[in-house]
Amino acid sequence: MKKKNVINLIKYYTEKNDAAFRDEAYAIAVDFNRTNDSELGDYIMALLSDKNTFIPQVLNGKMDYLRKVEYSATTLPLPECIKDELMGIVNAVSYGAGVNKFLFQGSPGTGKTESAKQLARILNRQLYIVDFDLLVDSKMGQTSKNIAELFAEINTVPYPEQIIILFDELDSIALDRTNSRDLREMGRATSAVLKGLDGLNSRIVLLATTNLFESFDKALIRRFDKVTDFNRYVKKDLQEIADIILENLLQQFKFQGRNIRLFRKILALMDPIPYPGELKNLIKTAIAFSNPNEEFDYLSRLFKQIRPGFSGDYKEFQALGFSVRDIEILSKVSKSRVSRELMENKK
């Protein structure tokens, strides 16, 4: 450590320049590590990390194949069985015992990528996603070389306990048995991934997601310490998640018209109820396009999305289990008129 470092620390502290202070402290810790005093360097980093003030400077710069992913503090509704496994991952990472490679498999919209963001938030780590657009190359053998460079980049990140690496849709580089264009090239890429996983720094937490788990080579699956199946939603899970999504969106759009009973009736018309990703899009679109002067307009729009060819016949509404009040909301026709026409149809 040089006198200049001490002066800078004091200067940045008095100026209350937190970012510059962190960067200077980081530079001092790196210098200690380079001069074979890694114990003191690690101690400085631990102090900064414990106070949640340290963001490694090197990760704020340009990296060849990694880009930072921002995540919000919003919680993610998941079935209890999946929540339990995610908390198990949190525990495994916290133990620091080298259990560090996790694979999330399941259909699109089941929450795999969002769960990776939630883990980063809970563990207070930066999340970096692999940019496959830069990784995959049309030149013969270049993709596997890029993969080797990627893992070299990952393994040389200073203080890896501060980050999580995400391979989102790993199948796009690891294996694609449905594409016979060049199986040898895909084989080279898969071998490069296997080799990279074998040599991964045990302090790096790596998450991967896939929609094509059944097409994965067994050797690739064995490289992961834990595989979490995201296809374990039951109808009750999806109904409860839909309620949470609706409440969050109504707060976001500042709507006051809450009719959970009718919302659940509309939701029950879907068989099966879609996974959370698609479900959120349906509800969000209905609310976003609704008339803010009509408190239940979003319910009418949601119904039309689910039943696009619906005739609007009141008797058909009744057959679906809707009350006269429900029909008034969905058809935007007065309750008295609905009741009158239903009575007339009975005669």
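Values in this text are rule-based calculations from the coordinates and carry no lab data. Predicted model only: the values in this text are computed from it and were never measured. Methodologically, a virtual Cβ is constructed for each residue, glycine included, from the backbone with ideal geometry; neighbour enumeration extends over all protein chains shown.
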**Asked** Using alpha carbon centroids, what distance separates segment 188-262 and segment 273-337, in Å?
**Response** 30 Å
**Residues in segment 287-328 that a label on N345 would reach, taking backbone N under 16 Å of a point 7 Å out along Cα→Cβ** = 310-328
**Prompt:** With the Cα gyration tensor of segment 293-344 giving a ≥ b ≥ c as the square roots of its eigenvalues, does the rule (a/c under 1.5 for rounded; else a/b larger than b/c for prolate; else oblate) give rounded, prolate or oblate?
**Reply:** oblate
**Complete:** So for R0 = 45 Å, FRET eff. of S323-Q252 from the Cβ-Cβ r, to 0.05, ends up at 0.95
